[in-house]
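In what follows, a structure is listed as structure tokens, so that the remarks can point back to it.
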Amino acid sequence: MSIDAIVLGGGIVGLATAYELLQRDPNRRVVVCEKEAAVATHQTGRNSGVLHSGIYYKPGSLKATNCRAGKALMEQFCREHAIPYDICGKVVVAIDSSELPQLEGIYQRGQANGVRCERIGRERLLELEPHCAGVEAIHVPETGIVDYRQVSTKLADLIRERGGEIWLGAKVEKIFERESEISIETTAGSVSGTIAINCCGLYCDRVARLTGAKPAAKIVPFRGEYFELRPSAEHLCKNLIYPVPDLNFPFLGVHFTRMIEGGVDCGPNAVMALAREGYGKLDINLADLWESVSYRGFRKLVARHWKAGLQEFYRSCSKKAFVRSLQRLIPEITAADIFAAPAGIRAQAIAESGDLVDDFLIQREGRMINVLNAPSPAATSSLQIAKTIVDSL
């Protein structure tokens, strides 16, 4: 089968890219290949559903620019297609005076990125979140919540309406690149096209290597574990409450998130997963695990940050430790107020230097465009990331 563009991966970034291709040229022939039986099965369908404002990201980075533009596009898309979303706002909280310099650094990034936000004192913080601890905070009124699975389902419907195809159960097995085309062999059949776009998330580096490319980083999976507030405790959190994060890491710390479908999520932490789809603590894939621990970049990361890694591991093993992290933000929380919720996996790219890749990473190799790092805020940014990818064609 001959196609103009082949998109590998049916998460929100892949679907948004296929949608953008068809928006620009309705006559273009587009196929999306997804290995699962449904779209948005992995990172897209297992995140906290936040419409990020872009306050955390280094000014001028791909994360900052794509998040700001992508958020506006996502809100417009939701309005046009009657997808519920809520611009509810959030607070980033400094628990004590030692965190105020970091809070100011985040505020300055927000100002540089054009985010509507303000520094607030404890009195205003308690008006917004009456049960929250902290001496000062940043109020970000433009942060919102949405269900990205619902967005992805609508994108899939629109792709089909415009003549595109979505192949489910189509795991990529081989890729052949010739002078005039690129051919993809999948478990659902073979397809050739002018260009292929790798949006395979947890497997993006492996798919890139099928073409002979040498990606600049390797994916190491990190499991994010969540709890959920019981209905009797939901009054303790009105909207979104975040701690002050360490800007040297791409993880934002354990936080509280009200969900668009109801309920309040607590988390996630960040522990190395023992499989690329290791959603359970005991899920292990020896090949995946060996690929991670034998990677020089991962070993350098561990040597540099083993103390932080042990803290995350301890919090993963101990509900009491997880509760203590939550109590820093809401002291009234008890272990009886929370129950375990489904975990997610973050596809985190790590460079050979041992550095966590903190920005989106998109590289072109011949007839393949590889999206090699697209963690949060990729869902918020997805419609703009798609424009960036298609512009590069």
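The values are calculated or read from the model by the stated rules, or taken from the named source; none is laboratory data. The shown structure was predicted, so the numbers you read here are calculated from the model rather than taken from an experiment. With ideal geometry, Cβ positions are generated from the backbone for all residues, glycine too; neighbour counts draw on all protein chains shown.
Identify, please: which residue in region 1-17 is more than 19 Å from the chain's Cα centre (by Cα) and small (Gly, Ala, Ser) and is, among those, farthest from Gln150 (Cα to Cα)? Out of the qualifying residues, it is Ser2.
Restrict the check to region 144-151 and report whether at least one residue is in contact with a Gly (Cβ under 7 Å, 6 or more places away or on another chain), under 17 Å from Pro331 (Cα atoms) and touching a residue at least 12 places away in the same chain (Cβ under 8 Å). Before you say what the answer is, go through the steps one by one.
Pass one, region 144-151, residues in contact with a Gly (Cβ under 7 Å, 6 or more places away or on another chain): 145-149.
Retained after the next criterion (residues that are under 17 Å from Pro331 (Cα atoms)): none.
No, region 144-151 contains no residue that is in contact with a Gly (Cβ under 7 Å, 6 or more places away or on another chain), under 17 Å from Pro331 (Cα atoms) and touching a residue at least 12 places away in the same chain (Cβ under 8 Å).
When residues in region 93-115 are screened for being surrounded by 14 or more Cβ atoms within 10 Å (Cβ to Cβ), touching a strand residue (DSSP E or B) at 6+ places or on another chain (Cβ under 9 Å) and not β-branched (Val, Ile, Thr), 8 of them pass. The residue of region 207-243 that is farthest from Lys35 (Cα to Cα), among those that are modelled with pLDDT of 95 or more, in a loop (DSSP other than H, G, I, E, B) and in contact with a strand residue (DSSP E or B) (Cβ under 6 Å, 6 or more places away or on another chain), is Cys237. Of the residues making up region 272-285, none is at pLDDT 90 or above, out of contact with any helix residue (DSSP H, G or I) (no Cβ under 8 Å at 6 or more places or on another chain), among the basic types (Lys, Arg) and more than 30 Å from Ala336 (Cβ to Cβ). Restricting Ser316, Ser294 to those that are of a type in the set (Ser, Thr, Tyr) and modelled with pLDDT under 95 reduces the list to Ser316. Report, by residue number, each residue of region 190-201 that is among the small types (Gly, Ala, Ser) and either surrounded by fewer than 22 Cβ atoms within 10 Å (Cβ to Cβ) or part of a strand (DSSP E or B) (or both). Matches in region 190-201: Ser190, Ser192, Gly193, Ala196.
Region 286-393 holds helices (runs of 4 or more DSSP H) entirely within its bounds, and those carrying 3 or more residues that are surrounded by fewer than 19 Cβ atoms within 10 Å (Cβ to Cβ) and not acidic (Asp, Glu) map to 286-293, 296-317, 319-327. One residue stands out in region 207-248 among those that are hydroxyl-bearing (Ser, Thr, Tyr) and more than 18 Å from Pro375 (Cβ to Cβ): the one that is surrounded by the most Cβ atoms within 10 Å (Cβ to Cβ), namely Thr211. Scanning region 47-70 for residues that are among the basic types (Lys, Arg) and either surrounded by 24 or more Cβ atoms within 10 Å (Cβ to Cβ) or at pLDDT 95 or above (or both) yields Lys63, Arg68. Out of all the residues in region 38-51, is one or more within 20 Å of Asp157 (Cβ to Cβ) and either of a type in the set (D, E, K, R) or touching a His at 6+ places or on another chain (Cβ under 7 Å) (or both)? Checking region 38-51: not a single residue is within 20 Å of Asp157 (Cβ to Cβ) and either of a type in the set (D, E, K, R) or touching a His at 6+ places or on another chain (Cβ under 7 Å) (or both).
Can you find, within region 116-128, the residue that is surrounded by the fewest Cβ atoms within 10 Å (Cβ to Cβ) among those that are under 26 Å from the mean Cα position of the chain (by Cα) and either under 21 Å from Cys237 (Cβ atoms) or small (Gly, Ala, Ser) (or both)? First the steps, then the outcome.
Initially, region 116-128 is screened for residues under 26 Å from the mean Cα position of the chain (by Cα), giving 116-118.
When the remaining residues are screened for being either under 21 Å from Cys237 (Cβ atoms) or small (Gly, Ala, Ser) (or both), the result is 117-118.
On the way: Cys117: 23, Glu118: 13.
Top of the filtered list is Glu118.
Restricting Cys132, Cys204 to residues that are buried (at least 18 other Cβ atoms within 10 Å of the Cβ), modelled with pLDDT of 95 or more and in a helix (DSSP H, G or I) narrows the list to Cys204.
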